[in-house]
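Reading through the structure tokens given below for one structure.
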């Protein structure tokens, strides 16, 4: 493969932005990729920064899901206690509401925990 700008020179890399073949003269290493000297450098640097931010955001998202799972589990425990109390007192309408809330918050805790594991495995 030959350089896009110099027909007689062999290419050594491909630009991360425009996908043109580049020789040593035309290529600039910008860290996590190669760019066309002068033309595509800002775009490739911006793309590398975007990738770095996305990795950080994915990790923070996993921790946020974990935190939400813990909060939902604690709320489910509170509603579970209220359900038990309503059952002992024979208050059926309250029992239905509190038991339903227990199930909903327990499911929310489970799904938040599952989502957290997916994010944390992907970023690790």
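Brief remarks on what is shown
- Of all residues in region 82-96, none are under 25 Å from residue 1 (Cβ atoms) and over 30 Å from the mean Cα position of the chain (by Cα).
- Selected residue (criterion: surrounded by the fewest Cβ atoms within 10 Å (Cβ to Cβ)) from residues of region 92-110 that are in contact (Cβ under 8 Å) with a residue 12 or more places away in the chain and either over 14 Å from residue 82 (Cβ atoms) or touching a strand residue (DSSP E or B) at 6+ places or on another chain (Cβ under 9 Å) (or both): 110
Condition check ((1) in a helix (DSSP H, G or I); (2) modelled with pLDDT of 95 or more; (3) loosely packed, with under 14 Cβ neighbours inside 10 Å) across all residues:
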{"position": "39", "(1), (2), (3)": "no, no, no"}
{"position": "51", "(1), (2), (3)": "yes, no, yes"}
{"position": "62", "(1), (2), (3)": "yes, no, no"}
{"position": "73", "(1), (2), (3)": "yes, yes, no"}
{"position": "76", "(1), (2), (3)": "yes, yes, no"}
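- Enumeration of residues in region 10-36 that are at negative phi, buried (at least 16 other Cβ atoms within 10 Å of the Cβ) and either in a loop (DSSP other than H, G, I, E, B) or touching a residue at least 40 places away in the same chain (Cβ under 8 Å) (or both): 11, 15, 16, 17, 20, 23, 26, 30
- Checked against (1) in contact (Cβ under 8 Å) with a residue 24 or more places away in the chain; (2) over 30 Å from residue 110 (Cα atoms), residue 63 meets all criteria but (2).
The values are calculated or read from the model by the stated rules, or taken from the named source; none is laboratory data. Bear in mind the structure is a predicted one, so any value in this text is a computation, not a measurement. Cβ sites come from the backbone with ideal geometry, for glycine too, and all protein chains shown count toward neighbours.
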